[in-house]
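First up is the structure itself, then whatever we jot down about it.
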Amino acid sequence: MVVQAELEQLATLSGAELSRIEGLLALLKAPDDLTQLLLVLENLSRALQAVQRIHGIRRDLDDTSVEKGEQDLFQYLAVIAQITTALKGCDRGSCPDEWLAQSGKQRGIINDHPEWAMLILTPGAECYDSDAYWQHAGVVMGCSAIQRKRHQARIGSEITAACRDIRTIGNGKKPLGLLAEIAGDASLESYHRKYLLKGDEILEPLSGIELLVRKVLGHKGKSRDGGGGGGHSARMIERHIEVPDSGDEEHEGPDRSVQLLESAGDEQAQGRQRTAGLHPKESQTLRAVSFTEHKASPTLGFDLRDLIRRQSSRIQHISQTNQRLPFRYASLSRVELALAAKAAYELFTGRGRFEQRNDEDVYAGLLLLLMIWLGRPVEQLLGMRVYNHRHELPKHRKEVLAFLVEEHAFVLPIPSPEWRNSLQDDAKRLLYTAGDSTPALVDEVVVVASPVRMGKFISRLGLSRKSRTKYRELFPEWRHATIEGAMRAAVSKVNRTHRMRLTPLRISQALFDEIVGHSSDWVDAYLLTGQRFTVADVAAHYYSVPAGYLETLYHSAAVSLRNSIYQYLSVEEKHYYAFKQVVQNKGDHGSKLNLKPLLLTRLVKHLKSELRAVKRLPPGEESWRQAHNHYVAYIAFWILFATGYRAVNDLVFRWREIDFTSGFLVISDKDDEAMSQARVVWLLPELRDQLRQYASHLEMLQARLYHRASLYEHLEAVLSEPQPDVPLMFFISDSWQMVQLSPENLRRQVPLFTLPVNASRHYLRSALRAERIRGELVNAFMGHAQQGQEPFGAFSTLTPVEMFRELAPVLGKMRQEAGWTVQQGLADV
């Protein structure tokens, strides 16, 4: 909320009525500091004027309520003109610098103030002179204002999504051609039909705008499917039944009925979705498969899971339909893996039970071998390439899986986490210059020597180079389907012979399980094999890992797997392949926020220096206010880097939520009001002492500023009987208003720290794994859990005491290295 003093200053400067300014800023959901106010209002005026000329849309966006004394956004054009004229003519010293800034930076306000961030567009942008851009921006602004007036807090993500569509086009991340110029006779309904739909389908790049306009047309607020503001969740079922040929008298096996079910779910269902990695407000599509059995079916009476496996060539499994839904097959034993490796070798060479084979069988045997030694999904292996040497690799290596002949090595693509926004220049300077970090490798590869004589198999295929390329296809593209079919047929033959239950997925995941056995972390296995699961995908976003570590880990796991398989196959140790790693892998893969300990040490020194400097100021209200703000910033950063608290909400704890004896604290970050996903963290003894000192600081502040009535009452509530709406930590503005401790305000208090505030989570996950803390504990500590992995659950063997007993020495060591120590605040001034 914008402080009253700044509103009054703006009213005095512009000559506009204070109530009108308050109404305008409320409709815009303005940030506290009114950053780049002049630029925003100028762009808002352009957008509204562009829509004014389209009379049908302007009429539909007229939401003025005489009875309630409310006006729509277009009624504020005169006020906007007053303010912009005054700001253009004022001196720099007569208003805050943030109001006149023209940096064009949107960081820090995108999620909380989407309309404001959307309107931050400098004249140098490609779309700045486009009439179509401002027409669509005006429609979004008008619809957003209507939604906020009609539904207030009962709105979903439609405004954020619509503003993101416009903002990404303004930033050049989406083509400007998506926004066609709106006809002068268009209405809001015809605009929705003509410009946001393609036939009956939503135009995907503008889906956020479509959702917002659709809700405005339907007078609907918060709902999972765009329906009306609460109540029962909407549900859609689409059923498709495949009926066999009735003339086929010998038909065997089940009919298939595929049902697509889309449902928001009740509170319990949403809780389960959060546990599985789904955002509680995120719509989802679930696929269910049902069967009707024939009496003559040879599969009658089979378990449904076995039945699905038998039909895998016809039915896409639920784990492939929606990767967010967790599914894991049981790991294969060493005997089963040895038989799979033996079958792959015999299939390739035409021996044993595979003497009668064709060309596809040769490729299928090689595919099976690669499934064991690379652990990659089949679809990735089928696209594998062969290069003569590493210097032939392309410059852009995203998803390039290959074999190098001269180096006798595999090229493994390492997936990079997706980022909505790139790092700003000032953040890069802080990270790379002051923090001594290196830019993260994005969509790069790791080259690892093959642990088996794979070159011997590949050289026998006689591959030919594709025209205009430097590589050869290991598996000809036109043969992919038949090669995969031959591989599956070979696996089925082994199953029938040995009465086993091998599947391609279980075979290809054997190396994944071996890597997890060596590192204890699913994320490491995901990076090396590409086998994607929700918890691994989410945790990888916060993980920076050296390429050399991945290389060593692959060889440790692959050699261990090879040696155990060879023992079952009675291969003598003298025949083991003595591979040599000739390529040195450098750099760090993973998170762009690759924080090193040096940057954290310098941050702590800076925070302490600022606190000491403000304590040396002459005693007085202003020095006490500044001392409090610097003190809160110091404690807040310590908490962030000690607990991995998600910086999405206020850092609001209550005294009653902290057990000062054991150090346990319950936090609920990125969660719903019911705190159904709250988690337990542990506070170091030094951090608990710091919080006790903070309480003494608040008592001293209350005694010195007793005449500040609102501040005194707030401090009284914090120190005596905490209420749910009273934050433990807060800033004090220069007008003596309480300001919430949000990521935005914390960045404003410490402008030197230009990285996102949640950089602490990126640092913690990487640092804890570098200290060899088990992946299970790190995921529990960070609040990452997949269904069936929930820490401290009914079936979990992990307890908070055991977890933090193992973490405590490492967390204490990290505290000492960073330099966090207890500070006194005003209590010692």
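Annotations
- Taking other C-beta atoms within 10 angstrom as a stand-in for reagent exposure, 395, 220 fall in the order 395, 220, fewest first.
- Put in line by how crowded their Cβ is, counting other Cβ atoms within 10 Å and starting with the fewest, 189, 572 read 572, 189.
- In terms of packing, defined here as the mean over residues of other Cβ atoms within 10 angstrom, the peptides 588-599, 769-780, 94-105 line up highest first as 588-599, 769-780, 94-105.
- Ranked 90, 143, 127, criterion: other C-beta atoms within 10 Å, fewest first: 90, 127, 143
- Packing-based ranking, highest mean first, of 689-695, 703-709 given that Cβ atoms within 10 Å are counted: 689-695, 703-709
- As a rough guide to protection, the peptides 440-447, 210-217 ranked by mean Cβ packing within 10 Å, highest first, stand as 210-217, 440-447.
- Length available on full extension from residue 331 to residue 689: 0.36 nm per residue minus the Cα-Cα distance, which gives 124.2 nm.
- With the simple model of a label 7 Å out from the Cα in the direction of the Cβ, residue 608 to residue 460 spans 6.6 nm.
- Taken along the Cα-to-beta-carbon direction at a fixed 7 Å, the label points for residue 720 and residue 356 span 9.3 nm.
- Legend: distances between Cα atoms for 29/105; 428/596; 173/596; pairs beyond 25 Å are 173/596.
- Solvent-free Debye scattering, log10 I(q)/I(0), computed from the Cα coordinates of the range 530-570 at q = 0.15, 0.20 Å⁻¹: -0.56, -0.77
- Spatially, the range 568-640 and the range 502-553 are offset by 24 Å when compared through their Cα centroids.
- Cβ-Cβ distance of residue 801 and residue 194, R₀ of 60 Å, FRET efficiency by 1/(1 + (r/R0)^6): the value works out to about 0.45.
Only the coordinates and a few stated rules stand behind these numbers; no lab work does. Just so you know, these numbers come straight off a predicted model, no measurement behind them. Here Cβ is always computed from backbone atoms with ideal geometry, including for glycine, and neighbour counts include all displayed protein chains.
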